[in-house]
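The values are calculated or read from the model by the stated rules, or taken from the named source; none is laboratory data. Only a predicted model underlies this, so the values are computations on that prediction, with no experimental measurement involved. Counting neighbours? That spans all protein chains shown, and the Cβs are built from the backbone with ideal geometry, glycine included.
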Amino acid sequence: MKILLYNPDNGVTRNFMPHLWMFLLKSLTPPEHEVILIDGNAKPMNDQQLVQFVKEQEVGLVGIGAMTRMIQKAYRVADAVRAAGIPVVMGGPHVTEEPDEALGKSGGPRHVDAVALGEADETWPQIVEDAARGELKETYAPVDVEGKEKKPSLQPYPVIPWDTIDLDQFNLVPKFVSKLTERYGSGVSYFNTIPMESGRGCPYGCEFCTVTGFFGDSIRFRSNESVVNELLLLKRRAEKDRGKIIIDPTRFVADPDKARVFPELPYVTVRLGYVACGHFDADIGLANVRPEHRAFYRKVFLQKPLGEPKLFPGLIKPVGLMAANYREIRDRVFQRFPFMRSSAFERRMLFQRAGERHAFPREVVTPFERASIASNS
Ligand code: B12
Ligand code: SF4
């Protein structure tokens, strides 16, 4: 069976980032089914165009995920798809809160065949199998054998094949610009952002937010290994697409009392990011810093400001972005601050995962290697 996972646009703003749920559910779909992803923000389609697409592709199930602000559009699309005889299942924060609205049980029309309540990681394969047999149930809830609500543990976490997934529709560079930069070289012709999660849940329960109610009041984490492996997969994709690797070693947290007692602390906290630049062979090192810290980043990392510091919502001090071309300045930094050196051994111990021996062909061994704080192996 072919499945379309569709994320509607809200018709007002254009979301710059694809939604994670569709990539996640695609990875959790039993392999005998084919999954097509369409994000209305990236690929705008009206209801008729979408219905035509679904018919042409002989899609057997349409899954729609929506936040409250795009629910009207989501229901409209669902109505059009169902009118063409194709079943629709909806999930996400809005229908979890208002399943009766989607199922037409609160006085309004019915918009969906089935609703997936809450986190669908474990219910999705069942939904797909039921749809393939033509036996969709109205509601799917993540519950244990005793019928009690059950949250997925996130350990293990599915592998999203970022290295092979088709991301063309999410390219943020307009087509005519891509064509020009491809023809005349140098400029950026392809740019997209990828969402990643490291955990779910929040203990704070702010009144206006659905996260605690939806994901629970304690945080469930993925394993460090699975997060790092996903980052490395993204890195491989970036390398394949000739993308740039950008590392930001900014330290946001500092204890003024401790900083007075240990003046070397700021240097130690930024070193890890610099070692990461070495291991991942970064193109650019970034730092988003307060105006009074600019001199430090200029002195230590030879970074240059990219603009004037600004006050951003939620911050109490203005910050400004600084950057340096890592490979160009690396050796000068090592000369002036030898403790920023690291050995291949230290870098591997910090960042390399098991079975990844040859993942970094561009790893550079500098003349300073031997003088590092950890032994060479
Ligand atoms: C990252 C994020 C953003 C990012 C990027 C959005 C993106 N493309 O991913 C940005 C910053 C752009 C953003 C913007 C907004 N966001 Co936002 N965002 C999030 C955040 C933090 C993570 C989303 C995520 O990936 N979660 C992890 C995935 C795995 O969970 P999930 O999406 O819920 O999917 C699971 C289930 O819901 C279900 N599911 C979801 N869809 C479907 C579909 C089907 C068919 C099925 C079967 C199952 C299913 O299965 C998935 C796996 O379990 C959430 C909060 C949160 N922690 O979820 C808020 C959240 C989604 N955002 C929210 C809001 C309000 C907004 C804004 C409207 C804020 C604003 N006022 O501008 C804008 C809207 C932007 C737009 N144009 O659409 C609300 C939505 C609440 C609601 N009632 O709908 C949330 C829940 C946070 C909150 N405050 O409550 N957001
Ligand atoms: S806004 Fe939501 S996610 Fe953020 S702290 Fe409050 S409850 Fe937690």
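Within segment 225-234, is even one residue surrounded by fewer than 16 Cβ atoms within 10 Å (Cβ to Cβ), modelled with pLDDT under 75 and more than 11 Å from ligand 1 (Cβ to nearest atom)?
Scanning segment 225-234, I find no residue that is surrounded by fewer than 16 Cβ atoms within 10 Å (Cβ to Cβ), modelled with pLDDT under 75 and more than 11 Å from ligand 1 (Cβ to nearest atom), so the answer is no.
Only residues that are farther than 20 Å from G85 by Cα and buried (at least 20 other Cβ atoms within 10 Å of the Cβ): list them for segment 100-114, please.
Passing the criteria: only E101.
Working only within segment 304-341, note down all residues that are modelled with pLDDT under 90 and polar (S, T, N, Q).
none
Check K244 against each of (1) within 21 Å of the chain's Cα centre (by Cα); (2) within 25 Å of F345 (Cβ to Cβ); (3) at pLDDT below 75 and name the one condition it does not meet.
Tallying (1) within 21 Å of the chain's Cα centre (by Cα); (2) within 25 Å of F345 (Cβ to Cβ); (3) at pLDDT below 75, K244 fails exactly one: (2).
So how many residues does segment 171-224 have that are within 17 Å of the chain's Cα centre (by Cα), in a loop (DSSP other than H, G, I, E, B), within 9 Å of ligand 1 (Cβ to nearest atom) and modelled with pLDDT of 90 or more?
The total comes to 2.
Determine, yes or no, whether G118 is in contact with a helix residue (DSSP H, G or I) (Cβ under 9 Å, 6 or more places away or on another chain) and assigned to a loop (DSSP other than H, G, I, E, B).
The answer is yes for G118.
Give me the pairs, please: first residue somewhere in segment 280-308 and in contact (Cβ under 8 Å) with a residue 60 or more places away in the chain, second residue anywhere and of a type in the set (A, V, I, L, M, F, W, C), beta-carbon distance under 6 Å, and either six or more positions apart or on two chains.
F280/I245
Take E135 and decide whether it is modelled with pLDDT of 75 or more, under 16 Å from the mean Cα position of the chain (by Cα) and of a type in the set (D, E, K, R).
no
Can you find, within segment 115-140, the residue that is farthest from ligand 1 (Cβ to nearest atom) among those that are surrounded by 16 or more Cβ atoms within 10 Å (Cβ to Cβ) and of a type in the set (G, A, S)?
Out of the qualifying residues, it is A132.
Is it true that some residue in segment 291-307 is buried (at least 19 other Cβ atoms within 10 Å of the Cβ) and outside any helix (DSSP H, G or I)?
Taking every residue of segment 291-307 in turn, at least one turns out to be buried (at least 19 other Cβ atoms within 10 Å of the Cβ) and outside any helix (DSSP H, G or I).
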